[in-house]
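Single-structure report; data block below.
Derivation of every value follows stated rules applied to the coordinates shown; laboratory data play no part. Small disclaimer: the values here were computed from a predicted structure and weren't measured. Backbone-built Cβ (ideal geometry, glycine too); neighbour counts: all protein chains shown.
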Amino acid sequence: MVSTDDSLSLLPSSPTPLLPIPDHNHTQSQYISRLRGWLTYAFASEAFAVCSLGLFLPVLLEQFARENGVLLPERSLPCVPGTGEVQAEGGRCVVRIGWAWVDTASFSLYVYSTSVAIQALTVISLGGIADHGKRKPLLLSFALLGSCSTTLFLFLPSHSPLWPICALLAITANVAFGASIVALNAYLPGLARDAPEVRAGRLAVDEAFRHLREDDTDLDDSAFNPEAAQAALKDWHTLISRTTARISARGIALGYFAGILALLLLLIPVTLLKGSTFSLRLCVGLSGIWWGVFTLPAAAWLPSDSTTTNTNITPNKPQPRSTIREIASAWAELGRMLLPSHILQLKHTFLFLAAWFLLSDTFTTISSTAILFSKTSLHLPPTSLMLIAILAPCSGVIGALTCTALQQRYAWSNKRVLLTLVLLLTVVPAYGCLGFFLPSLGLKHSWEMYILALYYGFINGSFQSYARALFSELIPRGEEARFFGLYSITDKSSSFLGPLVVGVIADKGEIRNAFWFLLGMVLVAWPVLAGVDPERGREEAAGYRRLDGEEEEEGDVEEE
C-alpha cells in the first residue's frame, strides 16, 4: 500500500505546480490554426529584420545624413555635390542634428543605440499587459506600427528639411519589431503544451497520479505504480522540451527563408538603380509592406486571448485595472525579479540568461568581425560581402531543421544540443587564429570565407532556435512575456561589448588578433551554460509565483 504522503515524494518538489493544469478543450484543427498564425508572423517580421535592420536601413540612414551633410573643417562644402559642383577631396562628412555636429558614419549607430534603449523600456513596461490577456492586441498593434513606420520611407525624400524624420521612423520600426517579437515568443510555451502529443502525455500523467485527485480519494492505493508515474512525468517533460525545440526551429527556419527570399527580390531594384538613395528607400519601404501584408493571415489565425488555451494567466492573479497601473506594476516586478533573493529562487533561469548574454554577444561579434576582416584584410568586394550575407541565413535554415531531426533521432536534450553547438562554434575563431601559424590556411583566401559563412550560419540558426526553446522551459507560467522581454534585453544589451573590444583591437594592431578574443569568449561561456540544470530550473519556475509576495498584492487589490 502506498500512502498519499509517500506518493508526493515522487515529484522533485510539491506536485501542484508540476502537474498539468487543465486547459480548455480545443480540437487539433484549432491548434494547427494557432501554430500557422505563429509561424506566419515569423515569416512576416523576419523579412524586415534581415533586409532592413541587417542591411539596407543602416546604409540608408548614413545616406540620408551624407546627402544633407557638409565636409570638415570648413562646413561649407556639401558631402554630396549637386549638379555642376565639383567633388571636394578629403575631409570628414558631418551633419547637424539639433545643436550638435554628428559624423554621418556614426548617425545610424546612434539611431540604433537609441532604438535599443527605448525598446528595452517598452518591453519591460508592456510585458505584464501581454501576460494579462492582451498578447494578441499588443503583437498586432506593434506590427501595424512597425509596418507603417517602415513603409513611410517610400514617401520621405532625402533632400528635404524633414529628412531627420528618418531617425524617428527607424527608431519606431525597431522598437515595434522588438516588442512584437517578445509577444510572439511568449506564445511558444503554450503552443508546445497544446501540441497533440504533449496533451496525450499530460493525460498519461493525470492517469498515473489519479490517486492525488480529490475526487479519487477512494481509489485503491495498491494499484499505484510509483515508477510508472515518475516515468510518465519525465516523458511529459521530455515531450514538452522536444516539441518546443521543434516549433522554435520551424519558426527560425521559416523566418530565415522569408528574409532570404525578400533579400533576393530586393536586390533587383538595388542593382538596377545602382544603390541610389531611392533604391534603398524602396527596399526598406517594401520590407515594411511585406511585414504588414503577411501579418494579416497571422492576425486571422492567432486566437483572441479570451479563447486561447494555455493563456498562461496565473489563476487568481490580481489584474491591475489600468494601463498605467500595469506599467507601474511591471517595473515594480522587475525590481523584485532582480533582487538577490529572487535571483536565487530562479537560479538556473538567471544562470541561463548570463550564458545567453555571453553567447549572443559572441555570435554578434563573430559575424561583424568576419565581415570587417573580409573587407579590410581579404579585400572582398561588396558583391562578395552580399553573397556571404545570403549564404549564412540559407545555411541557418538547414541547420535549424537538421538539428531538430537529429534530436528526434538520438533523443538529445535541448541543453545537450546547445552545448554541442557552442563547442562547434569554437572552430570559427580557432580557424582564424591558425592564420598566425599556417602560410596558406586560416582565412588567407576568399574561398575560406564562403565556407566559414556556411558553417557559421548552420550553427547560428540552430543556436537561436534551441536557446529560445530551452529558455521557455525555465520561465514561470504566466510570466512568458515579462521573461522573454528580459531575454530580449539581455541579448540587445550585450551586442555592443564584443564589437567595442574588436574595434579597439583593430585600432591597436592587426584585426586577426580579435579571433583570440572571440575564442576566449566562447570558452568562458561554455561552462556557464553547462551549469544550467533544466530540471531544477523547471522546479524553480513552477514554485516562483508562490514566493514573490503575490498574496500581499492580492490583498491590496481586494481592499481597493
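For TRP101, nonlocal amide neighbours, meaning residues 5 or more places apart or on other chains whose placed amide H falls under 5 Å from its own, do not occur. In a DSSP loop and with at most 12 other Cβ atoms within 10 Å, the trypsin sites (Lys or Arg not before Pro) in the stretch 321-388 are ARG321. In order along the stretch 45-62, the phi-based Karplus estimate (6.51 cos²θ - 1.76 cosθ + 1.60, θ = phi - 60°) of 3J(HN,Hα) comes to 7, 5, 4, 5, 5, 6, 7, 7, 4, x, 9, 6, 5, x, 5, 5, 4, 5 Hz; Gly and Pro are listed as x. Sorted largest first, the spans of the alpha carbon positions of the stretch 334-545 along the three principal axes are 57, 42, 29 Å. Maximal additional length on extending the THR238-ARG36 stretch stands at 70.4 nm, based on 0.36 nm per residue less the C-alpha distance.
In the structure shown, do any of LYS134/LYS234; LYS375/LYS492; LYS274/LYS375; LYS444/LYS508 have a Cα-Cα gap over 30 Å, and if so which? From the list (LYS134/LYS234; LYS375/LYS492; LYS274/LYS375; LYS444/LYS508), the Cα-Cα distance tops 30 Å for LYS134/LYS234.
Given R₀ = 45 Å, what would the calculated FRET efficiency be for ILE97 paired with LEU203, taking r from the Cβ atoms and rounding to 0.05? After rounding, the FRET efficiency stands at 0.15. Full extension of the chain between LEU423 and LEU497 yields a length gain of 24.5 nm, computed as 0.36 nm times the residue separation minus the alpha carbon distance. Mean sequence separation of contacting Cα pairs (under 8 Å, at least six apart), scaled by the length of the stretch 334-545, corresponds to a relative contact order of 42 percent. Reported to the nearest whole Å, the Cα centre-to-centre distance from the stretch 100-175 to the stretch 429-449 is 39.
Spin-label model, LEU338/ALA117: points 7 Å from Cα along the beta carbon direction are separated by 1.5 nm. Working ranking of peptides 241-249, 294-302 by packing, defined as the average number of other Cβ atoms within 10 Å per residue, highest first, is 241-249, 294-302.
Per residue, the convex hull around the alpha carbon atoms of the stretch 365-440 comes to 116 Å³.
Computed from label points 7 Å out along Cα-Cβ, the spacing between LEU77 and ALA228 is 8.8 nm. For the stretch 452-514, the calculated P(r), taken from all Cα-Cα distances in 5 Å bins from zero up to the bin holding the longest distance, is 4, 14, 14, 16, 18, 14, 10, 6, 3, 1, 0 percent. Extension gain for TRP331 to ILE371 (0.36 nm times residue separation, less C-alpha to C-alpha distance): 10.6 nm.
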